[in-house]
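Working notes, beginning with the structure itself.
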Amino acid sequence: MKRPGFYEGVLVAVVASVAGAALYGVMATFFNIAFSARAMLALIGSAYLVYLLARSPKKRGRMTAVLCWALSLFGVWLLDPPFVGVVILLAAVLWLIRSLLYYRSVISSLVDLGLSGFGLVAGLWAFLNSGSLLLALWTLFLVQALFALIPVQWSVQGRHANTPANADRADPFMRAHRNAEAALGKLSLS
């Protein structure tokens, strides 16, 4: 299956932000604000996870991803951390799942981690400046749509680009880089 593109991510951002704001609005009329916000995050995050799994080129590791997400939600409900902690934890779990499903490079995963952090900061900034949950979710998911532009695997450039393969194998950095990528690949297959 083809990886999601940026414009598809923009469409997901529109749907997630409108659905999240509407869901929160409906739930807040029946439940308290804290419960409504946490439930909305859990449901929108779960829907985003389903989207990531449906569009993932990898078929293995899906049950592990769902189990990891379910354990994270259970931990959030059981431990009852502050709301900011809930947002950061769920974003971190979604980043980890997205990294395992879509990347074969540690560098790509780290770039995606930076993107996830920037998305959280941008969403918080949008909420603090507008007071709008819709705008905060839109900003968060719009930044997350940029993950489609991150390469699956980064090649190491620079002084090692023109060396023969045998010299590449003797380099400790390249050996560590290959081992890290192999470990990431094994994690994504489990």
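The values are calculated or read from the model by the stated rules, or taken from the named source; none is laboratory data. Model, not experiment: these values are computed from the prediction. Reconstructed Cβ throughout: ideal geometry from the backbone, glycine too, with neighbour counts over all protein chains shown.
Side notes on the structure shown:
- Test: residue in the stretch 36-52 that is crowded, with 16+ Cβ neighbours inside 10 Å, over 15 Å from the mean Cα position of the chain (by Cα) and among the charged types (D, E, K, R): yes
- Any chance Ala13 is closer than 25 Å to Val152 by Cβ, modelled with pLDDT of 90 or more and either in contact with a helix residue (DSSP H, G or I) (Cβ under 6 Å, 6 or more places away or on another chain) or assigned to a helix (DSSP H, G or I) (or both): yes
- Residues that are more than 20 Å from Leu184 (Cβ to Cβ) and in contact (Cβ under 8 Å) with a residue 40 or more places away in the chain, drawn from the stretch 59-102: Phe83, Val86, Val87, Leu90
- For the stretch 66-77, the candidate set comprises residues that are among the hydrophobic types (A, V, I, L, M, F, W, C) and at pLDDT 90 or above; within that set, the residue that is farthest from Arg3 (Cα to Cα) is Phe74.
- Filter result for the condition that a residue is surrounded by 15 or more Cβ atoms within 10 Å (Cβ to Cβ), over 24 Å from Gly185 (Cα atoms), free of Cβ contacts under 8 Å to residues at least 12 places away in the same chain and of a type outside the set (S, T, N, Q), over Ala126, Ala28: Ala28
- Flag if Ala70 is under 17 Å from the mean Cα position of the chain (by Cα) and farther than 24 Å from Leu142 by Cα: yes
- Failed item in (1) closer than 29 Å to Arg3 by Cα; (2) without any contact (Cβ under 8 Å) to a residue 24 or more places away in the chain, with Ser109 passing the rest: (2)
- Restricting the stretch 133-158 to residues that are in a loop (DSSP other than H, G, I, E, B) and without any contact (Cβ under 8 Å) to a residue 60 or more places away in the chain, the residue that is surrounded by the most Cβ atoms within 10 Å (Cβ to Cβ): Ile150
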